[in-house]
1. If I take every Cα pair under 8 Å that is 6 or more residues apart in chain A, average their sequence separation and divide by the length, what percent do I get for the relative contact order?
2. With every protein chain left in place, what is the accessible area per residue of the stretch A:151-191 in square angstrom, probe 1.4 Å?
3. R0 = 22 Å: FRET efficiency of residue A:115 with residue A:53, Cβ-based, nearest 0.05?
4. Give the interface area between chains B and A as buried accessible surface, both sides summed, probe 1.4 Å, in Å² to the nearest 100.
5. Under 5 Å between amide H atoms, partner at least 5 residues away or on a different chain: which partners does residue B:75 have, H built in plane at 1.01 Å?
6. Starting at the first residue of the stretch A:84-99, write each ³J(HN,Hα) from the Karplus equation 6.51 cos²θ - 1.76 cosθ + 1.60 with θ = phi - 60°, in whole Hz, x for Gly and Pro.
7. How many angstrom lie between the Cα centre of the stretch A:103-172 and the Cα centre of the stretch A:68-90?
8. If the only charges are +1 at each Lys and Arg Cβ and -1 at each Asp and Glu Cβ, what is the size of the charge dipole of the stretch A:126-219 around the Cα centre, to the nearest 20 debye?
Amino acid sequence: MNNISAKIAAISRHRLAIDGDGVTTLVVFAGCPLCCRYCLNPLTLSPNPKFKNLTPQQLYEKVSIDSLYFVATGGGVTFGGGEPCLHPDFIDEFRKLCGPQWQIRVETSLNIPSDNLAKLLDNVDQFIIDIKDTDSDIYSDYTHTDNKLVMSNLRLLADEKFCDKCIIRLPLIPGYNTDANRQSSHEKLNILGFKNYDYFNYKIKENPLWHEANKLVKS
Amino acid sequence: MARGKQTCKILKDIRRQIAEANDIEFITSECQFQEDCLGTCPKCEAELRYLDNQLTLRRLAGKAIVVAGLSAGMLTMASCSNQKQDADNYNPEYDEEYNVDVHENDDDDFFEGEIEGEVVPNDDYDDANDCDNEKKQPITELLITGDPDFDAEKWELERDSIYKANDWIFTIDRIDSKPEFPGGELAMYDWIKSNVTHPAIIDWDSKIDSVAIWMDNIELIIDKTGAIENVNSHVSMNPELNDEIIKAFKSMPVWKPAVKDGDNVKCSIYIPIRYIKPEDY
């Protein structure tokens, strides 16, 4: 496929053990299927015309400056967003260019078509999954989207024996879930076989798009 | 130690390890720059390229080179194994760093992402400037955030003026008065209901938790006359539906345009919509 490209909102170099082990470069895709209330990057929710459209080759040329750091530290490129898993063909092409020595990671909500996930399995070394909460009511209140795809995709990862390659992020979402909810999510995912968890707190930064959407939901 | 200095030190240690493992003379000097930095500078980048070149020469000469995993374990992402992270181990800085804060950038050249506390590479990067022995911020081609001399107010005025002169798109947060559909928001949604006819897909009334739905934010570019210049839908899960929505939105009546400092300006706005998930998805 020679016509693959994607809108890239930002590239952040020299991230040290923030987006996976080692030195990583974070590549932020534009576009996300969710509309989260505290989304830190609401501009990535749309294909802002000012975001640069890059091919995998162009991206590779920009990030390969840090190849030595990646290879020496077990780092690489982490795709975030937005939702990186909306771009499996782009990541596939990128993997062909960078080879197996760079670690490719994705920071994802997993609220994506299962076909996309299946395509990514061969190319992604680690999935960093922000599940929000496994409780469907909490999830839909916070994101205005249901979490059925998330749960089915988690099962797919477990079936494909990818649990060791996943870090499950369990956020405390102010006003939406509690520590007990997080513990409940943790227990559900333990049953599936996931082993690596990251507890953290969301920063409160209101996303105006969520509020617009909320007016519709309440109407 | 400030974050930038710490990043600089770690990267230098990695370079030193690579040089030592490959018997490359590693010529460096202690950085004399007194203030916090961005974690890299032209001198750091030049050292990296020097190493890369030396390794290439060794590879071409048939020598074995050692890089893979040399510094593995030096930087490990914090996560806990099958247990809840202890509150005592919680690192608030980690939360600060985890996400990239993406802002709109008015530089046409490239990086649209201005990244808090991070370094954005520039296409025309060069290593002409060396921060060693300089007590001031090194002059580089890198986009630097947090410049103490940066006059945000002046910059915004200049920016708005450039935007108007070039008829570029203002975002909603930078205008004085939003563009308005004739008759207001409710009239707009009535119009959408009447004009998006995709069968059994658009769903305006059901409760969010009772149906499988998908959210989308339709971006409208409304020019300074109020006409719809462009429509973007970023969730391309169903091309047929996307086409239908885009076609309908493009046929919208003329809006009351956005206003900035008394002038009509081109503006982008987002219209949130939701619809039942297509069956083939």
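1. That works out to 20 percent.
2. For the stretch A:151-191, the solvent-accessible area averages 46 Å² per residue.
3. Once the sixth-power term is evaluated, E becomes 0.40.
4. 6900 Å²
5. A:22
6. With coefficients 6.51, -1.76 and 1.60, one gets x, 6, 7, 10, x, 5, 4, 5, 4, 5, 5, 4, 4, 7, 8, x Hz.
7. Computed from Cα coordinates, the inter-centre distance equals 16 Å.
8. 140 debye
The values are calculated or read from the model by the stated rules, or taken from the named source; none is laboratory data. Not measured: the values here are computed from a predicted model. Every residue, glycine among them, receives a Cβ derived from its backbone with ideal geometry; neighbour counts consider all protein chains shown. Just so you know, the surface numbers come from the protein's heavy atoms only, side chains and all, with ligands and any DNA or RNA stripped out. Shrake-Rupley method; radii C 1.70, N 1.55, O 1.52, S 1.80 Å.
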